[in-house]
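Data block below; observations after.
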Amino acid sequence: MLKESQLHNYQLGTVEHIIANPAAGLFLDMGLGKTVSTLTAINKLIYEELELERVLVIAPKRVAESVWTAEIDKWEHLKDLKIVKIIGSEKQRKEALRQKADIHIISRDNVAWICGLYGGSMLPFDMLVIDESSSFKNHASMRFKALKKVQASFKRVVILTGTPAPNGLIDLWSQIWLLDRGERLGQTITFYRDNYFRKSYNGFSYDAMEDTESRVHTKLKDICISMKSEDYLELPERIDTYIPIILTPAIRKQYDDFEREKVLEMFGDGTTEITALNAANLPNKLLQFAGGAIYDEERNVHEIHDLKLEAAEQFIEEANGKPVLILYSYKHELSRLQERLKKYKPVKMEDPQHEKDWNAGKIQVMLLHAASGGHGLNLQEGHTMMLWFSLNWSLELYMQTNKRLHRQGRKYPVVIGHLIAQGTEDENVVKRLEGKQTTQEALMQSVKAKIEKYKK
């Protein structure tokens, strides 16, 4: 486990900022450790300062289900924090609320529900953390209106995002209101608009005035801090992040049944020799399932879940406008990514012009087949975000592809994300990559373990 002493100086500064400010905004790029910094501050406020008892965290669904608990599990100094997830059916959510915990975490989709559950005016928590606060940018949304009514419940509020103003500074008002109840940017959206913006030529939108940015910065500088990854070069040159994907119980059962069926189909008679070919076939089928879709024997595609697609979209959102290179392994992953991410106008890497456009920063989302990325491409002049949608068993391919972005002489750190479906073949691949085992050795071991598992 990681130790508190391994936190970077800028992360310690973030912790101090939260503790020193009952209303604290953290506008931090992906990879700068918003979650661990916030958890460290919470831990100190509960167990050292004795100031807090119950914390409510609001986050996107996927983040609520996995990211915060995974972060606690990584750090030794956070081991005493108890976190309970308010997820599932209404009955399950109510039961979760009855459990004693330091932190309760709920998805942003259930904000109106929890506010209504307690009468709509007060909540039994003394600190609120909003992860990805930009999802509260719409002052007319139900979730904002519900949370606005209960804001006075909290002694402390923290908002976290890498994209505080995705559509311009107009997006800030509702987020900041949840911090200071209108003290800095005005009690109403009308006041904010009238004092910081002018109507656009069409009369339906608002344009910032020449001095709006500087005025807003002055108003917020005491409670909000903003950090860009390129400004903190004490970061490691390469940042690997593993994003857990939690399968639903139904999909979990489907996966287990599928694995058992394939193992018995291939090796159930006990006479089939394990070869390089059949050793690869089984894990590849399981990796497809983990990604959300599989080919049948006739090459028809069967979609199972879209959990990784959701996570990929979230990764792009958290990249705060930086271009993202997504690695995929199967053709059906390409088509599913193209459909899911069409609002970002994804480009499939196909010709030298795409390489030039990427390096020039002209492509927001580029899709690259993992087997095509290992050789011949020079993408290091472009941007710093890479996401493995699906992994594969080739250590050489993995290392070579990563080097397309992470090469000597880069000015900025590289963030390499990995979508890992928990309890699936994804985890076996990660272990092998970390151990740098040869592909054939690792495949054989994996298949042998599965045969032993399903022996009668």
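Spin-label model, A371/A101: points 7 Å from Cα along the beta carbon direction are separated by 4.3 nm.
Once the Cβ-Cβ distance between E183 and K94 is put in as r, and R0 is 41 Å, what FRET efficiency do you end up with, to the nearest 0.05? Intermediate values should be presented prior to the final figure.
Working: r = 35 Å, r/R0 = 0.84.
The calculated FRET efficiency here is 0.75.
Cross-link reach is defined here as a Cα-Cα straight distance under 28 Å, omitting same-chain residues fewer than 8 places apart; for K145 the lysines meeting it are K34, K61, K85, K91, K94, K100, K137, K155, K199, K219, K221, K343. Packing here is the average count of other Cβ atoms within 10 Å per residue, and on that basis the peptides 87-94, 217-224, 306-313, 348-355, highest first, run 306-313, 217-224, 348-355, 87-94.
Pairs to check: K308/K431; K331/K431; K3/K331. Give those whose C-alpha atoms are more than 30 Å from each other in this structure. Don't skip to the end; give the middle numbers.
Working: K308/K431 20 Å; K331/K431 25 Å; K3/K331 41 Å.
Distance filter (> 30 Å) returns K3/K331.
Taken over the C-alpha atoms, region 130-260 has Rg and Dmax values of 19.9, 64 angstrom. Each listed q (0.08, 0.10, 0.16 Å⁻¹) maps to a log10 I(q)/I(0) for region 4-231, found by the Debye formula over equal Cα scatterers with no solvent: -0.29, -0.45, -1.13.
Using P(r) over Cα pairs in 20 Å bins from 0, in percent as the read-out, say which of (1) 26, 59, 15, 0; (2) 19, 38, 27, 14, 1; (3) 22, 53, 23, 2 was calculated from these coordinates. Here P(r) over Cα pairs in 20 Å bins from 0, in percent agrees with entry (3). Computing FRET efficiency as 1/(1 + (r/R0)^6) for L50 and R340, where r is the C-beta to C-beta distance and R0 is 45 Å, gives about 0.45. Model label sites at H302 and D211, defined 7 Å from Cα along the beta-carbon direction, differ in position by 6.6 nm. Using the Cβ-Cβ distance between Y201 and K155 with R0 set to 41 Å, the FRET efficiency from 1/(1 + (r/R0)^6) comes to roughly 0.35. Looking at the chain, the DSSP beta bridges with both ends there are about 10 percent antiparallel. Can you tell which of T69, L52, G25 lies farthest toward the positive end of the dipole of region 24-131, using +1 and -1 charges on the Cβ of basic and acidic side chains (Lys, Arg; Asp, Glu)? Most positive-ward Cα: T69.
Sparse packing (at most 16 other Cβ atoms within 10 Å of the Cβ) combined with a DSSP loop state is found for the following chymotrypsin sites (Phe, Trp or Tyr not before Pro) in region 68-174: Y118.
We did not get these values from a lab; they are worked out from the coordinates using the rules stated. Predicted model only: the values in this text are computed from it and were never measured. Quick reminder, even Gly has a Cβ in these numbers, built from the backbone with ideal geometry, and neighbours come from all protein chains shown.
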